[in-house]
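Heads up: the structure comes next, in structure tokens.
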Amino acid sequence: GTGKTLFTKKICEFAIEQQMPVILVNQRFGKLADFIDSIKQEVVILFDEFDKTMLIQTFRGSSCDSSLLTLLDGTSMNKKLFIFTVNDVKLIGNNLLNRPGRIHYRFDFTIPNIADINEYLQDEINDDKQSIIPEILNMSVRIPLNYDTLRAISFEVNNGNSLEDTLYDLNINYSSILIYHVEIYLIDDFNTLTNDKVKINFDDENIEFISGYGYNSERYRVYMNLKNIKTDIENEALIVSGDDIKIICTETSKHFPKAHFAKLKLTNKAEC
């Protein structure tokens, strides 16, 4: 849904145009490395969802076929382009991560930003339905929307369905617990209070969390009311007014300092 499959497909299509065969490997089998090494011509080897199909998970972590690692070390004299798609990069392990000698390039794909979403919707949604785009952009600040989701929303809207019905049918709503980076700007102070992992469920009107260090080397408990939350599309953030924020020092229990406003930004999960 983030575009990595499309990116990989384009590379393979270009290779085919250059008369290079493409071999898709989507399961383990014996002597795979020997088979690949026996190929004498230039070829593209695509390992789709490598972390699910090729890695062996044990209580010690993940492991990869040693013969495949040797092949990736470049001992073969034949030119081959290896492509790996991965959903959870943490499963790859040290045998492949940070090893340019084995995997030279790495591309991380995240959910699209506001500008990308707007451009996509302008292309995909019919002209007579485009008045709905600002509402979708507003929603994208609150919940992650990948290209698969945007494609489905565009299809439903173009076929006459309302956005509300579409979100219900596609099981897209604000009720999921999401992780936000929260930064609180203080009145008469250049410091900010931050927390990178605030869990927010928009069904709840109030949230509570401990801020990070950074204001007089003290920690603060933050109470925040989300009832009047605003959307800042330009900065891809949610804004909470200082009137809806209460900050208490965990050591003294004093109501201090006073907040000007808070900025909440959705934490994106990358795919490779």
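Structure above, values below:
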{"read-out": "Cα-based Lys pair tally, the range 4-91, threshold under 21 Å, eight or more apart or on separate chains", "value": "15"}
{"read-out": "Cα-based reach from residue 197 at 16 Å (exclusive), listing lysines while leaving out same-chain residues under 8 positions away", "value": "263, 265, 269"}
{"read-out": "Cβ-derived FRET efficiency at R0 30 Å, residue 218 paired with residue 97, nearest 0.05", "value": "0.20"}
{"read-out": "Residue 243-residue 225 pseudo-label distance in nm [points 7 Å out on the Cα-to-Cβ vector]", "value": "0.9"}
{"read-out": "Gain on full stretching of the segment that runs from residue 135 to residue 49 - 0.36 nm per residue minus C-alpha separation", "value": "27.6 nm"}
{"read-out": "Reach of residue 199 by Cα under 19 Å, taken over aspartates and glutamates that are not fewer than 8 positions away in the same chain", "value": "183, 208, 236, 244"}
{"read-out": "Average Cα contact separation per residue, the chain, under 8 Å, 6 or more apart, as relative contact order %", "value": "16"}
{"read-out": "Check: the range 178-266 dipole with +1 on Lys, Arg Cβ and -1 on Asp, Glu Cβ, in debye", "value": "180"}
{"read-out": "Rounded FRET efficiency, nearest 0.05, which uses the C-beta distance separating residue 7 from residue 126 and R0 of 30 Å", "value": "0.65"}
{"read-out": "Exposed GluC sites (Glu not before Pro) absent: longest stretch of the chain, with sites in DSSP loops and at most 13 other Cβ within 10 Å deemed exposed", "value": "1-204"}
{"read-out": "Quotient of Cα Rg and 2.2 N^0.38 Å for the range 4-91, N being how many residues it contains", "value": "1.12"}
{"read-out": "Simple label model, 7 Å out from Cα along Cβ direction - residue 233 to residue 187, nm", "value": "3.1"}
{"read-out": "With at most 11 neighbouring Cβ atoms within 10 Å, loop trypsin sites (Lys or Arg not before Pro) (DSSP) excluded, longest segment of the chain", "value": "80-226"}
{"read-out": "Cα shape, the range 142-267, gyration tensor, a/c 1.5 rule", "value": "prolate"}
{"read-out": "Distance between modelled label sites at residue 208 and residue 152, nm, 7 Å Cα→Cβ extension", "value": "3.5"}
{"read-out": "Cα-Cα pairs of the chain separated by more than 32 Å (percent)", "value": "46"}
{"read-out": "Residue-averaged [θ]222 nm for the chain, counting only DSSP H segments that reach four residues, each worth -39500 (n - 2.57)", "value": "-7500 deg cm²/dmol"}
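Taken together, the values in this text are just the output of simple stated rules run on the coordinates, not laboratory data. For clarity, every value in this text was computed on a predicted model and none was experimentally measured. Methodologically, a virtual Cβ is constructed for each residue, glycine included, from the backbone with ideal geometry; neighbour enumeration extends over all protein chains shown.
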